[in-house]
1. Only one of these conditions is not met by Pro303: (1) in contact with a Gly (Cβ under 6 Å, 6 or more places away or on another chain); (2) over 30 Å from Arg175 (Cβ atoms); (3) surrounded by fewer than 18 Cβ atoms within 10 Å (Cβ to Cβ). Which number is it?
2. Which one is surrounded by the fewest Cβ atoms within 10 Å (Cβ to Cβ), of the residues in segment 55-103 that are under 16 Å from Ala8 (Cβ atoms) and β-branched (Val, Ile, Thr)?
3. For Glu227, are the conditions met, namely being under 22 Å from Pro32 (Cα atoms) and either outside the structural domain of Lys284 (by TED's automatic domain parsing) or in a loop (DSSP other than H, G, I, E, B) (or both)?
4. Here's a check for you: in segment 104-115, which residue that is of a type outside the set (S, T, N, Q) and under 18 Å from Leu6 (Cβ atoms) is nearest to the chain's Cα centre (by Cα)?
5. Out of segment 284-298, which residues are part of a loop (DSSP other than H, G, I, E, B) and either at pLDDT below 95 or aromatic (Phe, Trp, Tyr) (or both)?
6. Mind counting the residues in segment 152-174 that are within 15 Å of Thr189 (Cα to Cα), part of a loop (DSSP other than H, G, I, E, B) and more than 18 Å from the chain's Cα centre (by Cα)?
7. Taking segment 38-54 as the search range and keeping residues that are under 19 Å from Tyr82 (Cβ atoms) and without any contact (Cβ under 8 Å) to a residue 40 or more places away in the chain, which one is surrounded by the fewest Cβ atoms within 10 Å (Cβ to Cβ)?
Amino acid sequence: MKILLLDAGSLEDLQPLTCTRPLRRCPIANQPLEELQRAQWEAAGLAAATPASVDADTLFADGAAWLAVELLRELGGRRPPYVVRDAAGAVLAWAGASGGPPAGAPAVSAGPGSFALRFPWDLLRLNELLVGGMACDRIEGCVREGVVVDGHLALGTGSVLLPGVYIEGNAVIGRDCKIGPNCYIRGSTAIGDGCHIGNAVEVKNSILMQGAAIGHLSYCGDSIIGERTNFGAGTITANFRHDGAGHRSMVGGTLRDTGRRKLGAIVGDDVHTGIHTAIYPGRKIWPHQWTLPGEVVRKDILPAETIPTP
């Protein structure tokens, strides 16, 4: 069976991450989503189709879908038509028609390892799955004496872990990064190329895109941080409600249940926070925005809400 990946484009519900890149280019575990999706097909023994080679047996995969290898193998032996849906009812893939999911076709359950990437926190879910599933180390950078790694680590060339760095759980760190001294990285964390994580910083279960900088005295938990974003000293992303309830986040004017007990901030590219900024859980900051020193981010910061220069 051949598989054709449909381009999901820049989905509005995934903003601010998709304000500056299409979904297929969003990094998960430091790789573009599209590359990870293609690796799944190859592991399942499926060949890539082109629009010109589509036939009755082609499997059409939504570009905003993550399909587990086990599911792809099952679909490879199934006769069309059918429609694959996740637990929430979202269509992930189909076979038997090129114009969209065939009406009246049998439904196939996607299972727990396959799901739609509809909202920013779904990317965190996938990152947890991939980074958390690492089974070996790949260390190409420099690990100085005094570093503790309690888990599996992928460290890119030109990167250095300075004394006092403690990594608990699995982590993926890109090329030319400076990590430490005296910082704590835990959970399933992915740190892109050219990032700086400095003294007395804790990063937990997060995605930091290339060029992000969290220099000192900050906490980044269960968050996604865009390219070249800089956290001023003492910036804190809250990720837990006092009542322990699940988090909700505003998407397109609707307050959405994220299904997560822990969720920090979703921050776009080229954002700068002032020192001692505090960000409420589930809040989003659009690209090229900034905060003033001591600011409390109680609601999303959209482009129309740019703070005037003092």
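The values are calculated or read from the model by the stated rules, or taken from the named source; none is laboratory data. If you're wondering where the values come from, they're calculated on a predicted model, not measured in any experiment. Don't worry about glycine lacking a Cβ; one is built from the backbone with ideal geometry, like all the others, and counts go over all protein chains shown.
1. (1) is the only condition that Pro303 fails.
2. That would be Val91.
3. yes
4. Phe115
5. Trp286
6. 3
7. Gly45
Yes or no, residue by residue, for (1) more than 27 Å from Lys204 (Cβ to Cβ); (2) over 23 Å from the mean Cα position of the chain (by Cα):
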{"residue": "Leu14", "(1), (2)": "no, no"}
{"residue": "Arg21", "(1), (2)": "no, no"}
{"residue": "Arg25", "(1), (2)": "no, no"}
{"residue": "Asn30", "(1), (2)": "no, no"}
{"residue": "Leu33", "(1), (2)": "no, no"}
{"residue": "Trp41", "(1), (2)": "yes, no"}
{"residue": "Gly63", "(1), (2)": "yes, no"}
{"residue": "Glu74", "(1), (2)": "yes, yes"}
